[in-house]
Amino acid sequence: MRDAVLDLLLGSTCALCGRPGRVLCVACAAGLPRGGVVVRPTPCPVGLAPATAAGEYDGPLKVLVNAHKERRQFALAGPLGLLLAGATAEQVARSGRRGASWLLVPVPSRGRVVRTRGHDPMLRVARRAAAHLRAEGISARVAPVLRSVRAPRDQAGLGAAERSSNLHGSMRCPPGASTVLLGRDGSGSGPAVVVVDDVLTTGATAREAQRALEAAGVPVAGVATVAATRRRTPAPGGLGSEDPGGCLPFCDPAR
């Protein structure tokens with residue numbers, strides 16, 4: 001309701017077609033992906049948990065992610081949450097643990113970024129995704145335990161290896177999180193943990209989040225994102241060694 005009121009006061013149009021009214025009209029919403037696809041960064045960070053995404057970071061998904069994150073179209077958290085839920089549901093289906101409890105751990109935003117934007121977009125979307133999953137009978141909740149402990153330099157223009165080096169050690173999870181989050185009683189059972197983010201590119205950010213969780217004793221079952229970038233293949237004779245990376249292949253999901 002708060003999101004709807006904010007959008008009403010500010011005046012809203014469909015983020016995709018510009019039609020006055022909802023921030024995402026019924027026709028445009030119907031054209032969004034359903035479910036999730038398996039993606040894999042190329043090159044892939046060593047040890048990265050299995051990754052899924054709702055679709056490619058291009059066209060409508062790119063517009064929606066940026067409109068919510070940068071232009072504060074708050075009501076887009078709903079459809080973005082539904083997209084993230086689809087990617088997470090693919091993780092659940094592939095794990096064979098539908099009856100288990102699932103923890104969605106969002107990649108953290110830096111405090112300065114949150115203050116500048118006026119909201120934490122990933123936390124907002126993760127909470128909507130968990131609500132969608134619960135509506136589908138999957139026990140899911142959000143655990144925003146990761147913290148950004150240092151500001152890495154701008155990632156623009158960095159290759160996969162440079163991004164990984166730049167981000168290493170930039171996140172932290174509180175000691176003892178394994179007991180607090182997973183409620184382990186010595187039996188080895190506990191909720192499955194999925195790192196969630198808006199976009200997967202080289203996998204460096206997701207891998208750093210995974211590292212921070214595992215360092216605190218929290219095993220990570222997978223990574224789920226709203227979208228994943230498609231790997232850009234350099235033209236013959238180009239600077240192939242500086243390929244920025246991306247995700248291939250996109251498996252064709254059931255739509």
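Here are the numbers for the structure shown:
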quantity	calculated
Net length gained if the chain between residue 70 and residue 134 were fully extended (0.36 nm per residue, minus Cα distance)	20.2 nm
Where only alpha carbons of segment 58-103 are counted, the Rg and the Dmax (Å)	13.4, 38
Residue-wise HN-Hα coupling along segment 14-19, computed from phi with Karplus coefficients 6.51, -1.76, 1.60 (Hz; x: Gly, Pro)	4, 5, 9, 10, x, 5
Table column - 3J(HN,Hα) (Hz), segment 86-99, Karplus curve with 6.51, -1.76, 1.60, x for Gly and Pro	x, 5, 5, 4, 5, 4, 4, 4, 6, 6, x, 10, 4, x
Whether segment 18-77 is rounded, prolate or oblate, judged on the alpha carbon gyration tensor where a/c under 1.5 counts as rounded	prolate
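Each reported figure results from applying straightforward, stated rules to the coordinates on display, with no laboratory input. Treat the numbers as computed from the prediction; the structure is a model and nothing was measured.
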